[in-house]
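Each remark here refers to the structure printed beneath this line.
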Amino acid sequence: VQLQASGGGLVQAGSSLRLSCAASGRILSRYAMGWFRQAAGKEREFVAAISGSGGSTYYADSVKGRFTISRDTAKNTVYLQMNSLKPEDTAVYYCAANGGGWGSITIATIYDYWGQGTLVTVSS
C-alpha cells in the first residue's frame, strides 16, 4: 500500500481544513486507517482512526468534537475534516494503514504503512 497525504496548509485559528489520504496498490477497505500528528520537538501522537468498514471511529480527546475521520471506498481515500482549528493543532499530519484490526488502534507501531505527511500550521 502506498499512501499519499495532502491538504495541509497555513490557516488562522478557528478555520477548517480537510486532509486527504489517497491509497494505491491495495484496497483500503481491508485496513483500519489512522491519522497521527507530530509537532516540532514532540513525539508522534494519535489523532483519529476508522475501521475498515467505516463503522467504527475513535478520536483523541484533544480533537474530539472538532475533527471527523471518514473514508470513501470508491475513491480509496480517507479524510480528516478539521474544524475549529487551534494553534496547538499545528503539526505534520500522517495517515497510516493497519492490516491487523482494531486493537491498540492508537499505537503507531502497529500500523503497517505510512504516508509522507502534510504540514498543518494554525496561526493565532
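Tabulated data
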{"read-out": "Residues (closer than 13 Å to Cys95 by Cα, outside any helix (DSSP H, G or I) and touching a Ser or Thr at 6+ places or on another chain (Cβ under 8 Å)) located in segment 4-33", "value": "Gln4, Ala5, Ser6, Gly7, Gly8, Leu19, Ser20, Cys21, Ala22, Ala23, Ala32"}
{"read-out": "Segment 34-73, residues that are surrounded by fewer than 19 Cβ atoms within 10 Å (Cβ to Cβ), charged (D, E, K, R) and assigned to a strand (DSSP E or B)", "value": "Glu45, Asp72"}
{"read-out": "Cβ-Cβ under 6 Å pairs, at least 6 apart or on other chains, segment 12-36 side closer than 14 Å to Trp114 by Cβ, far side among the charged types (D, E, K, R) and surrounded by fewer than 20 Cβ atoms within 10 Å (Cβ to Cβ)", "value": "Phe36/Arg44"}
{"read-out": "Failed condition for Val92, given (1) within 18 Å of Tyr31 (Cα to Cα); (2) open to solvent by 20 Å² or more (accessible area, probe 1.4 Å)", "value": "(1)"}
{"read-out": "Single residue of segment 95-124 satisfying the filter (in contact (Cβ under 8 Å) with a residue 60 or more places away in the chain and among the hydroxyl-bearing types (Ser, Thr, Tyr)) that is most open to solvent (accessible area, probe 1.4 Å)", "value": "Ser124"}
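The values are calculated or read from the model by the stated rules, or taken from the named source; none is laboratory data. None of these values were measured; they are calculated from a predicted model. Using ideal geometry, Cβ is built from the backbone for each residue, glycine included, and neighbour counts are taken over all protein chains shown. Only protein heavy atoms, including side chains, enter the accessible area calculation; ligands, DNA and RNA are left aside. Shrake-Rupley method; radii C 1.70, N 1.55, O 1.52, S 1.80 Å.
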